[in-house]
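To start, I am sharing the structure in question, which I have written as structure tokens.
The values are calculated or read from the model by the stated rules, or taken from the named source; none is laboratory data. This structure is a prediction, so every number in the text was calculated from the model and none was measured. Neighbour counts are summed over all protein chains in view; Cβ atoms, including those assigned to glycine, are modelled from backbone coordinates with ideal geometry. Remember, those area values only see protein heavy atoms, side chains included, never the ligands or the DNA or RNA. Shrake-Rupley method; radii C 1.70, N 1.55, O 1.52, S 1.80 Å.
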Amino acid sequence: MDTSIKPFKISVPDQVIQDLNARLDNARLPEKELVTDLSQGLPFEQLRRLIDYWRNEYDWRRCESKLNAYPQFTTSIDGLDIHFLHIQSEHTDAMPLLLTHGWPGSVVEFLKIIEPLTKPELHGGDAKDAFHLVIPSLPGFGFSAKPEQPGWGVERIAKAWSELMKKLGYSKYVAQGGDWGAIVTTQLGVLRPDELAGIHLNLPLVLPEELPTEFSEAEGKMMEAIAYYQRWGAGYSTQQMSRPQTVGYALADSPVGQAAWIYEKFAEWADCDGNPENVFTLDELLDNIMLYWIPNTAASSARLYWESFDNVFFARNLELPTACSIFPKDIYAAPKSWAEKCVHNLIYWNELDRGGHFAAFECPEAFVSELRASFKTLR
């Protein structure tokens, strides 16, 4: 098998866009929800507005050109073609940084922070703050290949990421992630390849497998957030971890269904008061949705839950330098008291006053500042 690194450009056939438009023209929607909040799911009017914009104003070619403006590549690792962006700073002593997205995210989440991280002197920083960036698409996501056999769980992905950084020639690098990106990055930290100098997490995995009998205020709030998630927010994950193929049929056939499945999570998890349009443009939301629709990854991305969801959210012991940024509107706010019990070399901890689950996408300036501060001592 060819394991070389090959340049990659996105080039979606016109027929794919025409088919999408036809499906949007013929979309059949249910009646309006019976409540005034998100308790029955995504509000009808939000989705209707998104569909109307998607069909009549949205331009995929704009997003395609934006992505193609950055160097993209594919390479085969462990028998699977992995798609990634590789943006090298003009500053030769820049620190290599591996960024991993989650679900329902994509490499689109990081587009706003590419320039500030690679050209910090133009964005309120100093040349010594520069990073080289490696931004892969998870297996079965975006333009990475879809696994054809079971077994691509988080440990295998972490090993693949380690191999990717070696193939790129990096003898020292740091890694960052939230959502599944946090899980993969944590696993990478557990594996601790020689080249990995440290990690940054914006959803630290700190939940003890054996819970104490009493909680501090911060610990109690995390438990309340987890209980809320399990009752009201975890339906998608239960379906994807148990029957990803079944839900995949529906989402692969209906762009409206795929959009609603993803948009709802932005409504719930972003710091947006229930309306993602308070934080994101419709173009930004649809750019991310298109990275699921165009490559038809509804089922393949959902299979990551089937592979790895059980027990991955419990604390893992980390010995390498670890930094954490806690954004208040994330699924939960990890308490430092629990982090200190499993992260044994905690080099940075900050609790911010705004921001949610999609931190790099929602508040890029704050996110960039967090990365600069987190990795300052590791340069």
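How large is Rg over Rh for segment 173-284, taking Rg from the Cα atoms and Rh as the Kirkwood inverse mean of 1/r across Cα pairs?
Rg/Rh for segment 173-284 comes to 1.02.
Okay, moving on. Between S39 and K172, how high is the FRET efficiency from 1/(1 + (r/R0)^6) when r is the Cβ-Cβ distance and R₀ = 41 Å? Nearest 0.05.
The formula returns an efficiency of 0.30 here.
Something else: How large is the Rg to Rh ratio of segment 268-325 when both quantities use alpha carbon positions and Rh follows Kirkwood?
Using Cα coordinates only, the ratio equals 1.09.
If you place +1 on the Cβ of every Lys and Arg and -1 on the Cβ of every Asp and Glu, how big does the dipole about the Cα centre of the chain come out, in debye to the nearest 20?
780
OK, next. Taking Cα pairs under 8 Å and at least six residues apart, what relative contact order does the chain come out at, in percent?
Contact order relative to length: 19 percent.
For segment 272-379, what is Rg from Cα atoms divided by 2.2 N^0.38 Å, rounded to two decimals?
1.27
Let me ask something else about it. How many angstrom lie between the Cα centre of segment 134-149 and the Cα centre of segment 251-279?
When both Cα centres are located, 22 Å separates them.
Same structure, new question: With r as the distance between the Cβ atoms of R316 and I17 and R0 = 56 Å, compute the FRET efficiency 1/(1 + (r/R0)^6) and round to 0.05.
Efficiency computed from Cβ-Cβ geometry: 0.85.
Work out how much length R55 to Q239 would gain on full extension: take 0.36 nm times their residue separation and subtract the Cα-Cα distance, in nm to one decimal.
Roughly 63.4 nm would be gained on extension.
Also: With the cut-off at 30 Å, tell me which of the pairs K166/K376; K6/K112; K66/K336; K119/K336 have Cα atoms farther apart than that.
Going by Cα-Cα distance, K66/K336; K119/K336 fall outside the 30 Å limit.
Straight distance only, please: which lysines reach the Cα of K32 with their own Cα at less than 21 Å, same-chain residues fewer than 8 apart left out?
K265
Could you work out what % of the accessible surface of segment 1-90 is carbon and sulfur, using a 1.4 angstrom probe and leaving DNA, RNA and ligands out of the count?
Reported share for carbon and sulfur atoms: 48 percent.
Right, here's the next one. Enumerate by residue number the GluC sites (Glu not before Pro) in segment 72-142 meeting two conditions: DSSP loop (anything except H, G, I, E, B), and at most 13 other Cβ atoms within 10 Å of the site's Cβ.
E90
What net charge do the residues around Q240 carry, taking every other residue with its C-beta under 12 Å from that of Q240, with Lys and Arg at +1 and Asp and Glu at -1?
Summing Lys/Arg as +1 and Asp/Glu as -1 gives +2.
Peptides 297-309, 267-279, 64-76: what's the order by average Cβ count within 10 Å, highest mean first?
So the peptides 297-309, 267-279, 64-76, ranked by packing, come out 297-309, 267-279, 64-76.
Lys/Arg Cβ at +1, Asp/Glu Cβ at -1, dipole of the chain taken about the Cα centre: which of A175, F266, A225 is farthest positive-ward?
Positive-most Cα among the choices belongs to A175.
In whole angstrom, how far apart do the alpha carbon centroids of segment 317-365 and segment 44-92 sit?
27
Stokes-Einstein at 20 °C, 1.002 mPa s, Kirkwood radius from Cα pairs: D for segment 181-241 in µm² s⁻¹?
In µm²/s, the coefficient is 152.
Among S254, V184, Q149, which residue has its Cα furthest toward the positive end of the charge dipole of the chain, with +1 on Lys/Arg Cβ and -1 on Asp/Glu Cβ?
Value: Q149.
A further question on this structure: Taking semi-axes √(5λ) of the Cα gyration tensor in Å as the quantity of interest, determine which of [x] 35, 24, 21; [y] 30, 26, 20; [z] 45, 22, 19 was computed from the displayed structure.
It is the value labelled [y].
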